[in-house]
Amino acid sequence: MRLLLLPPVVVLMSVGMMLLLHVAAPVVHLVPRPANWAGLALVVAGFGIANWHARLFRRIGTNINTFGEPGKLTQEGLFRRTRNPMYLGMLIFLVGVAFILGSSSPVIVPLGFFALANYWYIPIEETAMASKFGTEYIEYKQSVPRWL
């Protein structure tokens with residue numbers, strides 16, 4: 001069951017929900033065509049940020065699984081500026097998809113992903129990190145914001 005709740009799976013399900021909302025209940029078109037294609041830049045940036053840090057985890061040999069035991073504490077890449085660059089990248093990706101679709105109803109999905117990450121995924125990870133790394137993680141947490 002936890003496999004179905006991994007963040008990348010939730011992102012894919014979110015895109016499907018956004019498409020369904022856009023087709024079934026677009027409500028109001030917020031972004032006129034062709035300006036909505038500017039969202040492609042957000043999609044590319046978000047995917048790039050998330051993928052860059054996933055590759056970083058593989059390179060340094062640490063666990064990427066949200067529900068697994070943390071391997072190493074890193075401050076490389078955007079981890080110097082945000083404690084959660086992969087979640088930030090996924091959120092930017094979803095906002096880009098919403099922008100491309102252009103209607104208002106899909107906007108609820110990135111907000112839902114933000115809430116899920118902020119109030120469920122991240123607290124699970126922070127508890128595990130504090131347990132494993134203690135003071136070192138607490139100091140990192142105090143000096144680097146959760147999002148930006």
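The values are calculated or read from the model by the stated rules, or taken from the named source; none is laboratory data. Keep in mind that this is a model prediction, so the values were computed, not measured. FYI the Cβ positions are ideal-geometry reconstructions off the backbone, even for glycines, and counts take in every protein chain you see.
Among the candidates GLY89, GLY68, which residue alone is within 13 Å of the chain's Cα centre (by Cα) and among the small types (Gly, Ala, Ser)? Unique residue meeting the criteria: GLY89.
For GLY68, work out the one condition from (1) modelled with pLDDT of 95 or more; (2) more than 30 Å from PRO26 (Cβ to Cβ) it doesn't fulfil. It is condition (1) that GLY68 fails. Here is the figure for region 29-51: residues that are surrounded by 13 or more Cβ atoms within 10 Å (Cβ to Cβ) and free of Cβ contacts under 8 Å to residues at least 24 places away in the same chain total 0. Scanning region 82-100 for residues that are of a type outside the set (Phe, Trp, Tyr) and either touching a Pro at 6+ places or on another chain (Cβ under 8 Å) or at positive phi (or both) gives THR82, ARG83, MET86, MET90, LEU91, LEU94, VAL95, VAL97, ALA98. Kindly indicate whether any position in region 68-77 is surrounded by fewer than 20 Cβ atoms within 10 Å (Cβ to Cβ) and outside any loop (DSSP other than H, G, I, E, B). Looking through region 68-77, at least one residue is surrounded by fewer than 20 Cβ atoms within 10 Å (Cβ to Cβ) and outside any loop (DSSP other than H, G, I, E, B). Taking the conditions (1) farther than 19 Å from LEU148 by Cα; (2) of a type in the set (A, V, I, L, M, F, W, C); (3) in a helix (DSSP H, G or I) in turn, ILE64 satisfies each one other than (3). Taken together, PHE99, PHE114 contain a single residue that is within 21 Å of ASN51 (Cβ to Cβ), modelled with pLDDT under 95 and surrounded by 13 or more Cβ atoms within 10 Å (Cβ to Cβ), which is PHE99. Candidates LEU12, LEU21, LEU111: the one that is of a type outside the set (Gly, Ala, Ser) and touching a residue at least 12 places away in the same chain (Cβ under 8 Å) is LEU21.
ALA25 satisfies every condition listed in (1) surrounded by fewer than 12 Cβ atoms within 10 Å (Cβ to Cβ); (2) in contact with a His (Cβ under 6 Å, 6 or more places away or on another chain); (3) among the hydrophobic types (A, V, I, L, M, F, W, C) except (2).
Can you give me the number of residues within region 1-36 that are in a helix (DSSP H, G or I), of a type in the set (A, V, I, L, M, F, W, C) and at pLDDT 85 or above?
Pass one, region 1-36, residues in a helix (DSSP H, G or I): 2-5, 7-24, 35-36.
Restricting the remaining residues to those that are of a type in the set (A, V, I, L, M, F, W, C) gives 3-5, 9-13, 15, 17-21, 23-24, 35.
Adding the requirement that they be at pLDDT 85 or above leaves 5, 9-13, 15, 17-21, 23-24.
Residues that pass the stated criteria total 14.
Condition check ((1) in a helix (DSSP H, G or I); (2) under 18 Å from the mean Cα position of the chain (by Cα)) across all residues:
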position: ILE108; (1), (2): yes, yes
position: PHE113; (1), (2): yes, yes
position: ASN118; (1), (2): yes, yes
position: ILE122; (1), (2): yes, yes
position: GLU126; (1), (2): yes, yes
position: SER131; (1), (2): yes, no
position: TYR140; (1), (2): yes, no
position: ARG146; (1), (2): no, yes
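Only one of (1) more than 12 Å from the chain's Cα centre (by Cα); (2) among the polar types (S, T, N, Q); (3) under 18 Å from TYR137 (Cα atoms) fails for ASN36. Which number is that? So ASN36 meets the others, but not (3).
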